[in-house]
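I have placed the structure first, in the form of structure tokens, so that the comments after it can refer back to it.
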Amino acid sequence: MSIHQKFRLSGSTLLANGEIQAATLVLENGLITEVQPYLDQNADMQIAGVIVPGYIDLQVNGGFGFDFTADPGNVTACAARLPETGVTGFLPTVITSPFENYPAAYAKIRTAQADERGSRILGIHLEGPYLSPQRKGAHHLDYIRPIDLDEISTWADTGLLTLVTLAAELPGGFQAVQSLKKQGVIVSIGHTDATCEQTMQAIEHGVSWGTHLYNAMRPFSHREPGVIGALLVADIPCGIIPDGIHCHPEALRLAFRAKGANNLTLVTDAMQAMGGLPGQYILGGTPVTVTSQDARLADGTLAGSILSMDAAVRNMIAFTGCSLAEAVQMASSTPARVLGLQDRFGAIQAGYQADLTVLDPELHVAATFINGRLEYRRK
């Protein structure tokens, strides 16, 4: 189906006001051109579930057998499969690597971004190499580096870098945050041993997101709340991995009560094994053992997840009791706002991009539209 053809999609629809109502959407030239308040029995596609804004994942390390850090050229092949999970846009995430690997990674992802098939590549999320050695998680200790402002200037100069996760408490951290922000890069605090006070200072300097809340962070204490406490009370969004493993369901409930759907973004942190079978995989070249539940290094450290975004939405509803509208907000409109794309993505209304996820009554993905094209339809 060409993006220039007029296509009518009809069924229950999650509208921009948060209500689910009968509607017929007119898709043309890659946009939603009309939202008509009735069902059309003659529409090109009628659905039995619900039409929602397409999901946006800010942290994807790989999936379907592909690892972006080991070979960024795999991004295109993975993007072609992500519509199966309802994802219409994502940030390929490159974890801490030898510094000389980064230029080639940028070049390959830029090439992949020009390919219009599959999920949109909305930029790069660089997770590392300026991380706390004490909170490295699955990142390779040998490649973690002291903050270097000259290096940061070369990163941001690519025009492709969208989000950087760093430990802002490191020497030069606040200056790095300011420098990246000035160059249009979103800065997130993560893999960090920051105190509560240091985190608040980092936010004042320009940190505007938190990477996978609870994980790879100084633990919470009632006397020193650390980065977790700061993120829970700060008025900035943060990512969270709702697989029931990276954080307990009650911790998810706590985060949802504290932050609300407006300030939580569901992320998968998916690695190579997402969409595959248990076995041996890699994350950035490091061996990872994957079971039916999780992915871990040899020492037991969690190494990304095998979570898909459609499962993340279902889990968030099951674990927290939030509504479908709230879960979708955390998977779509809130991440769109983090990226500064809220005027084009993350809502179903006239003039927005026709990036849509069609859910069946059990909230599994039945179809996915990207730029008005039907990219996936379940057989």
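The values are calculated or read from the model by the stated rules, or taken from the named source; none is laboratory data. Note that the structure is a prediction, hence the values are computed from the model and not measured. Here the Cβ is made from the backbone with ideal geometry for all residues, glycine too, and neighbour counts use every protein chain on show.
Structure data summary
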{"item": "Restricting the stretch 101-142 to residues that are acidic (Asp, Glu) and at pLDDT 95 or above, the residue that is farthest from the chain's Cα centre (by Cα)", "result": "Asp142"}
{"item": "Selected residue [under 24 Å from Ile124 (Cβ atoms) and of a type outside the set (A, V, I, L, M)] from Asp294, Asp299, Asp235, Asp269", "result": "Asp269"}
{"item": "Complete set of residues in the stretch 219-269 that are hydroxyl-bearing (Ser, Thr, Tyr) and in contact with a strand residue (DSSP E or B) (Cβ under 6 Å, 6 or more places away or on another chain)", "result": "Thr265, Thr268"}
{"item": "Residue in the stretch 82-94 that is of a type in the set (S, T, N, Q) and over 20 Å from Tyr281 (Cβ atoms) present", "result": "yes"}
{"item": "Selected residue [touching a Lys or Arg at 6+ places or on another chain (Cβ under 8 Å), at pLDDT 95 or above and of a type in the set (A, V, I, L, M, F, W, C)] from Val50, Val87, Val75, Val35", "result": "Val75"}
{"item": "Residues satisfying the stated conditions in the stretch 323-351, i.e. over 16 Å from Leu122 (Cα atoms) and in a loop (DSSP other than H, G, I, E, B)", "result": "Ser323, Ala347, Ile348, Gln349, Ala350, Gly351"}
{"item": "Residue ranges of strands (runs of 3 or more DSSP E) in the stretch 93-202 with at least 1 members of a type in the set (S, T, N, Q) and closer than 25 Å to Asp299 by Cβ", "result": "161-166"}
{"item": "Checklist (1) without any contact (Cβ under 8 Å) to a residue 40 or more places away in the chain; (2) crowded, with 24+ Cβ neighbours inside 10 Å; (3) closer than 16 Å to Val52 by Cα applied to Arg344, failing item", "result": "(2)"}
{"item": "Odd one out for Asn215 among (1) surrounded by 21 or more Cβ atoms within 10 Å (Cβ to Cβ); (2) under 17 Å from the mean Cα position of the chain (by Cα); (3) not hydroxyl-bearing (Ser, Thr, Tyr)", "result": "(1)"}
